[in-house]
Amino acid sequence: MELGLVELLRAAWIAGTLPILIASLPCSWLGSFHGLVLGFARRGKIMQSSSHRKFTVPQRFFTHFYVVAVAWTTLLLLGTSIYAYRMTPIVSEPFFYSDLGSYLAGRSNIFSFHRSRLMSLENRYRVWLSVFLLLLMEVQVSRRLFETAYVFKYSASARMHIFGYLTGLFFYTAAPLTLCCTCAPEVLKFGINEVSEFILKGTSSMQNIEFHWWDFVNPLLKLGWCQWIGAVIFLWGWIHQHRCHAILGSLREHVGKADEYVIPRGDWFEIVSSPHYLAEIVIYAGMVFASGGADLTIWLVFGFVVSNLVFAAAETHRWYLQKFDNYPSNRVAIIPFLC
């Protein structure tokens, strides 16, 4: 079941990324395919400049993404956290370190005797790492829900393609699941057993459950330097994305008409046209780093994020250049000094 879930997620991310990569190739004979993918990706001001308005929904439906994301991520985080706390506590492993020393000294038979303890430790680390990554995702989607509700002021005429809407729902369902996919089947079995026990025994099955905050926080603190560097990278992108979204949200307050636009300025807008997309890439790069970089599925999520945002940013940059004659010439689309 575990391999099935991982493989299904990998196939989904590849299937979502390949069309964008193909459409991005500079080949004239791919022009119609590029236009098709671009039509699916258009939204907001870019959609308004297009005559293709069939099969669209209001752009304010962006809120749906983050309602789903917060609810789903919270559910996964709670389930994985309870499983980690109850079933895989990280405690001191004196035998593990003595066995490791014996192995390095050449006494591999002793190390083999305790191999099950090593595998158990790896399993605990994997589960608590999933909790850590889901915490980062929870912080991200919670802020995005707040911004869609209170920061952005979507124009009544702003639209997005229904395919883009469905893609957003897919992303915010699959991305949190990807962060815990290696232990999700175990968590599901644990949850089913807990619910079954509660149904059979009622509240009496919960009487012996004790929760101590330090026992929950301590394993997260022991994960390693890689996770905390990843968290710092995540926070760096998180802060800048919030600043850029605040700038975009404030623009609506300074224009007289719903379809009137001004050039955004400040923060990373001084170097790229879509700094909120750049910040999103930094955020997910932080998650990849925090994961340790060994999980192919998380790399595929990152590949989808980068390809999707670079593709959208290129079109946004072209729109700015066509819209404003005085658009800053030093700005590029999304990657500073590159594109």
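Where a number appears in this text, it was derived from the coordinates with a stated rule and is not lab data. Please read these numbers as outputs of a predicted model, since none were measured by experiment. Here the Cβ positions follow ideal geometry from the backbone for every residue, glycine too, while neighbour counts run over all protein chains shown.
Available extension along the chain between SER24 and PHE163 is 48.2 nm, counting 0.36 nm per residue and deducting the alpha carbon span. For the stretch 265-294, backbone nitrogen atoms closer than 12 Å to the point 7 Å from CYS226 Cα along Cα-to-C-beta are found at 288-294.
Here the gap between HIS64 and ILE271, fully extended at 0.36 nm per residue and compared with their Cα-Cα distance, gives a gain of 71.4 nm. Sequence-ordered 3J(HN,Hα) estimates for the stretch 281-291 from the Karplus curve with 6.51, -1.76 and 1.60 and θ = phi - 60° stand at 5, 4, 4, 6, 5, x, 5, 4, 5, 5, 6 Hz, glycine and proline given as x. Taking label positions 7 Å along the Cα-Cβ direction at both VAL262 and ALA156, the computed distance is 2.3 nm, reported to one decimal.
What the Cβ-Cβ distance of PHE55 and GLN322 gives, at R0 = 22 Å and to the nearest 0.05, is a FRET efficiency of 0.35. Computed from backbone phi with θ = phi - 60° and the Karplus coefficients 6.51, -1.76 and 1.60, the 3J(HN,Hα) list for the stretch 214-231 is 5, 5, 8, 6, 4, x, 5, 5, 8, 5, x, 5, 4, 5, 6, 5, x, 5 Hz; x is used for glycine and proline.
Descending by average beta-carbon neighbour count within 10 Å, the peptides 163-175, 298-310, 276-288 line up as 276-288, 298-310, 163-175, the highest first.
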